Structures are given as C-alpha cells and as structure tokens.
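Engineer: What follows is a single structure, and I will ask about it in a moment.
The values are calculated or read from the model by the stated rules, or taken from the named source; none is laboratory data. Given the structure is predicted, the values throughout are model-derived calculations rather than measurements. So basically every Cβ, Gly included, is an ideal-geometry build from the backbone, and we count neighbours across all protein chains shown. These accessible areas exclude ligands, DNA and RNA; they are computed on the full protein's heavy atoms, side chains included. Shrake-Rupley method; radii C 1.70, N 1.55, O 1.52, S 1.80 Å.
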Amino acid sequence: MPVDWGCFALECERPGKTLMDAVAGTVAEVRREHGLVMNSLGVEKPQEWFDADNKNGYAAKTVAHLVLMAADRARLLGYGRKDVVRLLDATGIE
C-alpha cells in the first residue's frame, strides 16, 4: 500500500520462508505484473548517485561497497549465495 514518507513509498507485508524470500517474490511480482523494476527499499542516499554516468566514480565505488556489504551481512544472517542471487534474478536486471 502507498505510504507518505515525504515521497512516494510502498509498504507491504508478504509471507515467505524468510524475509529475503518474501522480498524476492515481491520484486518478481511487481516486475511481472506491472513492468516495474524495484531497485531499492528506500534506504539509499540520493547524493550517492551524483556521478552515476561515470563507471569509475563515487557512485561506482558506492555500488561495490553496497554489494560487498550486502553479501557479508546476508552471510551473517544465514543467507547463502543462492538466496542473494535469487533476489538479484527476481529484479530482471540484465
């Protein structure tokens, strides 16, 4: 359902074996049924992307940092590579 967080946002509760499973299912459903790619859960800082047209700039460093941090935190929570890859695959991003 839409919520007002000072900008457009969505909030939902979705069943799943794990949170990662529920998020992957939601991401896949939104892509399949609405043609939208979910690329955030609303926790990023827009200023991180000021040089997004440069594959070697600050934005690129931020991507590498976030992916490595996410992989490590997923492992600490008990998620494996397959869980993380399933979530990435659900986005439909090539």
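Engineer: Given a 1.4 angstrom probe, what's the average accessible area per residue across the chain, in square angstrom? Walk me through the numbers on the way to the answer.
Structural biologist: Details: 7850 Å² over 94 residues.
Result: 84 Å² per residue.
Engineer: Of the heavy-atom accessible surface of the chain (probe 1.4 angstrom), what whole percent is carbon and sulfur?
Structural biologist: Values: 4660 of 7850 Å².
C and S atoms contribute 59 percent here.
Engineer: Work out the length of the dipole vector of the chain about its Cα centre, built from +1 on the beta-carbon of each Lys and Arg and -1 on the beta-carbon of each Asp and Glu, and round it to the nearest 20 debye.
Structural biologist: Numbers: 12 positive and 14 negative charges, 89 e Å.
That gives a dipole near 420 debye.
Engineer: Taking the Cα atoms of the chain alone, what are Rg (to one decimal) and Dmax (as a whole number) in Å?
Structural biologist: Answer for the chain, Rg first and Dmax second: 14.5, 39 Å.
Engineer: 5 Å is the cut-off here: which amide hydrogens, built 1.01 Å from N in the peptide plane, fall below it relative to Leu10, excluding neighbours closer than 5 in sequence?
Structural biologist: Result for Leu10 returns Val3.
Engineer: Next question, about the same structure. Would you look at the GNM of the chain, springs on alpha carbons closer than 10 Å, and say which of Val63, Val27, Val37 moves the most?
Structural biologist: It is Val63.
Engineer: Output ³J(HN,Hα) for the range 17-23: one whole-Hz value per residue in order, computed from phi by the Karplus curve 6.51 cos²θ - 1.76 cosθ + 1.60 with θ = phi - 60°, and x for Gly and Pro.
Structural biologist: 3J(HN,Hα) across the range 17-23, in whole Hz: 4, 9, 4, 4, 5, 5, 5.
Engineer: Would you compute, from DSSP H runs of 4+ residues alone, the mean residue ellipticity of the chain at 222 nm, taking -39500 (n - 2.57) per run and dividing by the full residue count, rounded to the nearest 500? If you can, show how the numbers build up before the last one.
Structural biologist: Numbers: 3 runs with 46 residues, N = 94.
The per-residue figure over the chain is -16000 deg cm²/dmol.
Engineer: How many angstrom lie between the Cα centre of the range 14-33 and the Cα centre of the range 50-94?
Structural biologist: 17 Å
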